[in-house]
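> My structure is below; once you've seen it, I'll send some questions.
The values are calculated or read from the model by the stated rules, or taken from the named source; none is laboratory data. These figures come from a predicted structure and were not determined experimentally. Here the Cβ positions follow ideal geometry from the backbone for every residue, glycine too, while neighbour counts run over all protein chains shown. When the accessible area is computed, the model is the full protein with side chains, heavy atoms only, and any ligands, DNA or RNA have been set aside. Shrake-Rupley method; radii C 1.70, N 1.55, O 1.52, S 1.80 Å.
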Amino acid sequence: MIVQGLQLEQFRNYSHFESEFHPKVNFIYGDNAQGKTNLLEAVTYLSTAHSHRARYDKELIQFQTECAVIRGQIESRNRAFCLEAKLMRGRTRQLYSNGVRLKTAGELCGILHTVLFCPEDLALIRDGAVARRRFLDQSICQLRPRYAQALSEYQRLYEHKTRILRDWKDHPSLLDTLDDFNFRMAQTGAMIVHYRAHFVKRLKETASAIHCDFCGGRDALSLEYATVSTIQDDMASVGTLFEWILQHQNSHRAAELESRQCLTGPHKDDLLVSINGQLAKQFGSQGQTRTAALSLKLAQRELFFQETGEYPVLLLDDVLSELDAGRQAFVLNHIQGGQIFITCCEPEKLHGLEIGKTFQIHGGKVIEQKAHM
Ligand code: ATP
Ligand code: MG
């Protein structure tokens, strides 16, 4: 999977940008606030129709202008695609593939896969379970379309059950449907647990191995999938998982009615990340947290490669800060395969990396680009 070229119009601080990229390592450097992250954000947008840091699309449109365009030439599954996103103030954005308007953002994900690592990703380790569930869900959705279906069905049931629990005291007849919702949530929940358990099993092995290389064997990363407490074995059959989830729901029925909240189910799952047996969330140093988060992302990319034979495009934003020399060397020397975009403030930091093409960015413009032989 390769981004061959990119054109931007009135996107963030880029009035106009166009460039061709190298199929291997693209190095983007420049001072703070010049547009390095903006460039990676544009590439990510073509794969997810979503920005990792903007709440609304209108934030991506250049100040005092009405419309932004992101266009990219992509090679994916041995085919060529031209993807385009048109963002307009006050109007719905438009997405195109080879000139044909796409109905959903999901259609983009099927063409360009990216794995982005940015400073905000420390949240993956540090924050609550939501960030880690989102990571699991995004990873599995990329590989298993049926998982995405189960997840949206579960979300629908969850929202409905939440309304029943919230309003039942004013409208007691709502309780007539509660058992049915519990049953269906246990059915769909069992599918979700099944997919998550199988994914975490593979993620564990891959992420631990990457992490071990990353820190020269000094620290050991371990992952554990934490789900509904009545589940004795998360690798059990979907039917058995269903029974266990239902059992947990029944034992919490009174508590749910009392608290008026949906207390049981895989919407509370977590992925426990430990370093040397201690929870990284509580005890990890800044560098350890960064190393663990990056290992998870690289493992996500590796698993995608193992399944599809293609590496997602790797976008590394400001990844070297806070890593010691050994860990920087790992990033620079051991991340191979597929196309990589890496940003950094100081070019001398990239010593040792086999760079394909370098871009120096200043004020939303490329002031120098150089291909390396
Ligand atoms: P750092 O090294 O600090 O991470 P960076 O090169 O990654 O910097 P970016 O985040 O890519 O910087 O770009 C930030 C610049 O883009 C800021 O100067 C900001 O004001 C500008 N910017 C952000 N959104 C818009 C917008 N909608 N229109 C115009 N300029 C914008
Ligand atoms: Mg930045």
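> Less than 20 Å from a label point 7 Å out along the Cα-to-Cβ axis of Ser285: which backbone N atoms in region 304-341 qualify, by residue?
What the label zone holds, given the 20 Å backbone N cut-off, is 319-332.
> Counting heavy atoms of the protein chains only and a 1.4 Å probe, report the per residue accessible area for region 128-308 as a whole number of Å².
In whole numbers, region 128-308 has 47 Å² accessible per residue.
> Moving to a separate point now. Can you give me the C-alpha center-to-center distance between region 3-74 and region 128-153, rounded to a whole angstrom?
Answer, in whole Å: 26.
> At a probe radius of 1.4 Å, what is the per-residue accessible area of Glu75, in Å² to the nearest 10?
Roll a 1.4 Å probe over it and Glu75 shows about 70 Å².
> Given the protein chains as shown and a 1.4 Å probe, how many square angstrom of Leu40 are accessible, to the nearest 10?
The accessible area of Leu40 comes to roughly 0 Å².
> Rounded if a/c is under 1.5, else prolate if a/b is larger than b/c, else oblate: which is region 128-308, with a ≥ b ≥ c the root eigenvalues of its Cα gyration tensor?
Prolate.
> Out of all DSSP beta bridges in the chain, what portion is antiparallel? Express it as a percent rounded to 5.
75
> Name the residue farthest towards the positive end of the dipole of the chain from the options Asn250, Asn78, Ser229, assuming +1 on Cβ of Lys and Arg, -1 on Cβ of Asp and Glu, about the Cα centre.
Checked the options; the winner is Asn78.
> What percent do you get for the relative contact order of the chain when only Cα pairs under 8 Å and 6+ apart count?
Answer for the chain is 25 percent.
> Next up: By the scheme Lys and Arg +1, Asp and Glu -1, what is the net charge of all other residues having a beta-carbon under 12 Å from that of Met191?
On the way: positive: Arg144, Arg146, Arg184, Arg196; negative: Glu153.
Here the count lands on +3.
> May I pose another question? Ordered by residue, what ³J(HN,Hα) values in Hz, to whole numbers, does region 287-303 give under the Karplus form 6.51 cos²θ - 1.76 cosθ + 1.60, where θ = phi - 60° and Gly and Pro are x?
These are the phi-based 3J(HN,Hα) values: x, 5, 5, 5, 5, 5, 5, 5, 4, 5, 5, 5, 5, 4, 5, 5, 5 Hz.
> When the Cα atoms of region 237-321 are enclosed in a convex hull and the volume is divided per residue, what value in Å³ results?
Output value, Cα hull per residue: 192 Å³.
> Based only on the alpha carbon positions, what is the Kirkwood hydrodynamic radius of the chain, in angstrom?
Computed over the chain, the radius equals 22.4 Å.
> Here is a follow-up. Just in region 115-194: which trypsin sites (Lys or Arg not before Pro) are loop by DSSP and have at most 11 other Cβ atoms within 10 Å?
Sites meeting the loop and neighbour criteria: Lys169.
> Taking θ as phi - 60°, what are the ³J(HN,Hα) couplings along region 37-43 by the Karplus curve (6.51, -1.76, 1.60), each to the nearest whole Hz, with x for Gly and Pro?
Once rounded to whole Hz, the list reads 5, 4, 5, 5, 4, 5, 5.
> I need the shape label for region 75-230. Rule: rounded when a/c is under 1.5, else prolate if a/b > b/c, else oblate, with a, b, c from the alpha carbon gyration tensor. Spell out each step's value before the answer.
Details: a/c = 2.10, a/b = 1.16, b/c = 1.81.
Oblate shape, in that a/c is at least 1.5 and b/c is the bigger or equal ratio.
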